[in-house]
1. Calculate I(q)/I(0) for segment 50-96 by the Debye formula, one identical point scatterer on each C-alpha and no solvent, and give its log10 at q = 0.14, 0.23, 0.24, 0.27 Å⁻¹ to two decimals.
2. Could you give the alpha-carbon Rg of the chain over 2.2 N^0.38 Å, rounded to two decimals?
3. Relative contact order for the chain: what percent, with Cα pairs under 8 Å and sequence separation of 6 or more?
4. Pairing rule first: another cysteine's C-beta must sit under 4.7 Å. Under that rule, which cysteines of the chain stay single?
5. Tell me the angle of helix 79-94 to the major Cα principal axis of the chain, expressed in degrees between 0 and 90 and rounded to the nearest ten.
6. Going by average Cβ neighbours within 10 Å, how do the peptides 57-68, 73-84, 35-46 rank, with the highest at the top?
Amino acid sequence: MAPYALKLALEAFVDPSAVIASLLCLVPALLTLGYAALCAASPFGRCRRCSGTGKRRTPLTRITRDCHRCDGIGRRIRLGQHLVNEIRREYRNGTR
C-alpha cells in the first residue's frame, strides 16, 4: 500500500477528537504511574523548609538550630508513600 493510501485508510477509522480524548486520559495515568515508581524507588524527599540540610536559622539572632519539620534529618516522607503506608496500615488492621 502506498503511504498516501495508508494515510487515507487511517483517517477513515481514526477520529481526531478521539485521539485527543485518549491522549488526555493517557497523560494523567502515565504521570500517576511515574510518581508511584518514584515513591517506590525513593520514598523520602528533601525537607522543603530546610532544603534538605536539617538546619534552620532563626530570623532574629541567626542562630542555626535543627529543623522542626524534619527533626534535623533533612528528609521527609513523600505524599504518595504516606498514602501507601496508610492503605497498608488500614488493610493490616482490618485483617486482624
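Values quoted throughout were computed directly from the atomic coordinates according to the rules given, and no laboratory measurement underlies them. Given the structure is predicted, the values throughout are model-derived calculations rather than measurements. Cβ placement follows ideal geometry from the backbone for every residue including glycine, while neighbour counts extend to all protein chains displayed.
1. With one equal scatterer per Cα and no solvent, log10 I(q)/I(0) is -0.51, -0.77, -0.80, -0.89.
2. Working: Rg = 24.3 Å, N = 96, 2.2 N^0.38 = 12.5 Å.
In units of the 2.2 N^0.38 Å rule of thumb, it is 1.95.
3. Numbers: 67 pairs, mean separation 20.8, N = 96.
Relative contact order for the chain comes out at 22 percent.
4. Cys25, Cys39
5. Between the helix axis and the principal axis of the chain, the angle is about 90 degrees.
6. On the way: 57-68: 10.0, 73-84: 15.2, 35-46: 13.0.
Ranked by mean Cβ neighbours within 10 Å, highest first: 73-84, 35-46, 57-68.
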